[in-house]
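The values are calculated or read from the model by the stated rules, or taken from the named source; none is laboratory data. Everything numeric in this text was worked out from a predicted model, so none of it was measured. All Cβ positions, glycine included, derive from the backbone under ideal geometry; neighbour counts span all protein chains shown. Side chains are part of the model used for accessible areas, which takes the heavy atoms of the whole protein and leaves out ligands, DNA and RNA. Shrake-Rupley method; radii C 1.70, N 1.55, O 1.52, S 1.80 Å.
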Amino acid sequence: MSPNIPVIAIDGPSASGKGTVASRVALTLGFHYLDSGALYRLTALASRQKGIPVLEQAQQYEQDIAECAAKLDVRFEGELIFLQEEDVSLAIRDEQTSREASRVAALGAVRAALLQRQREFLQAPGLVTDGRDMATVVFPDANLKVFLTASAEERALRRYKQLIGKGFTANMVDLLKDICERDERDASREHAPLVQDSRAGLLDTTYLSADAAVAEVLRRYQIVSSHDCV
Ligand code: CDP
């Protein structure tokens, strides 16, 4: 890892607002942004396109799914994401892909296949990244580590608004159930479970607006960067 390039690692559970906060912090600081969850979503989509039964039998197909992850032909262009030159920015956000992503993300071989690819996003002048294991595994030397969370109900509501806003149909009861199941799977899995790193400060956004959460991360970054040899 490049010791002179600053990293802000934001981890947290599903729909806690990590993506919104991390991308806006990156924009404000002029840093690069890595949405690590998108790589798991892309792996799920690419595997499904190859006919692998990701939802039902992810474990039996671990090596095939890991091969899809290693060979992902992906291009990030602003907010757009292309898989083999096809714009999949919306497709990777639907609920089926969300469920599948959570399953492929539990596979050790898949995580290993994506590790180096994630680290390659670390480029000057800096990186803001969000996911589950950014602080614990991928960027353990990050200058600032934040564990961003919110109540499950608030997260389900945010996901509901996000899906409706993108023209998908959604149902609050199902979303809440899904979020709780995904929390359980992310936290209890063997490889890189979702845990708060010992150096990560908690940021509970249940009653915080996105603007306030962004401001708080920037405030924390200012504190560490003025006391750090960044
Ligand atoms: O939007 P949401 O937070 O539910 O998902 P995401 O951040 O796009 O990540 C999709 C899935 O990938 C999650 O269910 C996680 O299980 C997994 N993931 C992971 O295991 N490690 C990461 N660094 C990022 C995502």
Checklist entry - Sequence-distant or interchain residues sharing an amide H contact under 5 Å with residue 149, placed H: which? => result 203, 204, 205
Next on the checklist: Tell me the per residue accessible area of region 7-229 using a 1.4 Å probe; a whole number in Å² is fine.
Outcome noted: 47
Checklist outcome for this item: In a Gaussian network model of the chain with springs linking alpha carbons closer than 10 Å, the residue among 56, 154, 100 that fluctuates most is 56
Next on the checklist: How large is the Kirkwood hydrodynamic radius of the chain, counting all unique pairs of alpha carbons, in Å?
Outcome noted: 17.9
Checklist outcome for this item: For the chain, the accessible surface attributable to carbon and sulfur atoms (probe 1.4 angstrom, ligands and nucleic acids excluded) amounts in percent to 52
Item to check | Rounded Å value of the spacing that divides the Cα centres of region 160-198 and region 5-22 | outcome: 15
Checklist outcome for this item: Residue-normalised 222 nm signal for the chain, counting each DSSP H run of n ≥ 4 as -39,500 (n - 2.57), nearest 500 deg cm²/dmol, is -14500 deg cm²/dmol
Checklist outcome for this item: Given a Förster distance of 25 Å, the FRET efficiency implied by the Cβ-Cβ spacing of residue 226 and residue 123, rounded to the nearest 0.05, works out to 0.65
Item to check | residue 172-residue 27 FRET efficiency (beta carbon distance; Förster radius 25 Å; 0.05 resolution) | outcome: 0.25
Checklist entry - Between residue 195 and residue 116, what length in nm is gained on full extension when 0.36 nm per residue of separation is reduced by their alpha carbon distance? => result 26.3 nm
Checklist entry - Taking the Cα-to-Cβ direction at residue 90 and at residue 64 and moving 7 Å from each Cα, how far apart do the two end points lie in nm? => result 2.9
Next on the checklist: Using amide H atoms built in the peptide plane, which far-off residues or other-chain residues are under 5 Å from residue 81 H to H?
Outcome noted: 88, 89
Next on the checklist: Per residue of region 200-217, what does 6.51 cos²θ - 1.76 cosθ + 1.60 with θ = phi - 60° give for ³J(HN,Hα)? Whole Hz please, x for Gly and Pro, Karplus curve as stated.
Outcome noted: 8, x, 6, 10, 8, 9, 3, 10, 10, 6, 4, 4, 5, 5, 4, 4, 5, 5
Item to check | Share antiparallel - DSSP beta bridges, region 7-229, percent rounded to 5 | outcome: 25
Checklist entry - How much net charge surrounds residue 197 when only the other residues with a Cβ under 13 Å from the Cβ of residue 197 are counted, with Lys and Arg +1 and Asp and Glu -1? => result 0
